[in-house]
Amino acid sequence: SQKIEQNSEALNIQEGKTATLTCNYTNYSPAYLQWYRQDPGRGPVFLLLIRENEKEKRKERLKVTFDTTLKQSLFHITASQPADSATYLCALVDSSASKIIFGSGTRLSIRP
Amino acid sequence: DSGVTQTPKHLITATGQRVTLRCSPRSGDLSVYWYQQSLDQGLQFLIQYYNGEERAKGNILERFSAQQFPDLHSELNLSSLELGDSALYFCASNRDTSTDTQYFGPGTRLTVL
């Protein structure tokens, strides 16, 4: 069956460390994968998109990798800050069905 | 502020009732998406419209329907409401249909009593 899975547990990181979030998918062949940030009670905010032919993408303190062999994307936040605390969602487009599927999200907490 | 607006912010109603949620996309965006987010289900894609036409369908119940109007605003109609329909409903829009990068509105919180 088709699945998209993120770290099921919340992630607690010390300020200044690198946070690494995982997104794994099964039985999809996405052309690209997206990451969003969501704060409680608010709509998700788009952060980064990475295409299948890109291994890595960076934006300021954010880095995303995409391994189509492992069917996995990693999302890194370097020099993490308490303001980075939020839920992070990965999403892919199922090209066969032309619809976007979101993972359940990983709640990240950065402690001072 | 994403530029996507949704009304109302909160809606409290009773089982069996019908409600309409409204969304205005960002200026220039032709696509509108609707999502349902509840605590136990995560963000579930319901339906997408592009320039007035239905483009993709997700796990949308038959009791739910949507449309996009010529001015590109969209409405999501929920009928015969059940307790389990209580959730946050988000609308998103985009103009780059090659990547489906989406800009989300603030959501409508629906409570069915």
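If you keep only loop residues by DSSP, which GluC sites (Glu not before Pro) in the range A:1-94 have at most 15 other Cβ atoms within 10 Å of their Cβ?
On the way: sites: A:E5, A:E9, A:E15, A:E52, A:E54, A:E56, A:E60; in loops: A:E9, A:E15, A:E52, A:E54, A:E60.
Taking the range A:1-94 and a limit of 15 other Cβ atoms within 10 Å, the loop GluC sites (Glu not before Pro) found are A:E9, A:E15, A:E52, A:E54, A:E60.
The Cα atoms of the range B:28-75 give a gyration tensor whose axes a ≥ b ≥ c have a/c of 1.5 or more with a/b greater than b/c, which makes the shape prolate. Dividing the mean sequence gap of close Cα pairs (under 8 Å, 6+ apart) by how many residues chain A holds gives a relative contact order of 36 percent.
Using alpha-carbon positions, what is the distance between the centroids of the range A:33-112 and the range B:59-104, in Å? A separation of 22 Å, based on Cα centres. Relative to a virtual label point 7 Å from the Cα of B:T13 in the Cα→beta-carbon direction, which members of the range B:23-39 show backbone nitrogen distances below 15 Å? It comes to B:23, nothing else. Averaging the sequence gap over all C-alpha pairs within less than 8 Å and six or more residues apart, then dividing by the number of residues, gives the range B:6-80 a relative contact order of 32 percent.
When you filter the GluC sites (Glu not before Pro) in the range B:33-70 for DSSP loop state and at most 11 other Cβ atoms inside 10 Å of their Cβ, you are left with B:E62.
For the set A:K99/B:K9; A:K17/A:K71; A:K17/A:K59; B:K9/B:K57; A:K71/A:K99; A:K55/B:K57, the pairs lying more than 29 angstrom apart at their alpha carbons are A:K55/B:K57.
By the beta-carbon count within 10 Å of each Cβ, the least crowded to most crowded order of A:L49, B:L78, fewest first, is A:L49, B:L78. Here B:I47, A:I101 are placed in order of increasing Cβ neighbour count within 10 Å, fewest first, which gives A:I101, B:I47.
Rounded to the nearest 20 Debye, what is the dipole magnitude of the protein assembly as shown about its Cα centre when Lys and Arg each give +1 and Asp and Glu each give -1 at the C-beta?
400 debye
Note on B:I60 and B:S98: the extension gain reaches 11.4 nm, defined as 0.36 nm multiplied by sequence separation minus the Cα-Cα distance.
If the only charges are +1 at each Lys and Arg Cβ and -1 at each Asp and Glu Cβ, what is the size of the charge dipole of chain B around the Cα centre, to the nearest 20 debye? Please report the intermediate quantities before stating the final value.
Values: 9 positive and 12 negative charges, 41 e Å.
In debye, rounded to 20, chain B gives about 200.
Placing a pseudo-label 7 Å from each Cα along the Cα-to-Cβ vector at A:A79 and A:N53 gives an inter-label distance of 3.3 nm.
Readers should treat all values here as calculations from the given coordinates under stated rules, not as data from a laboratory. Being a predicted model, the structure only gives us computed values, none of them experimental. Here Cβ is always computed from backbone atoms with ideal geometry, including for glycine, and neighbour counts include all displayed protein chains.
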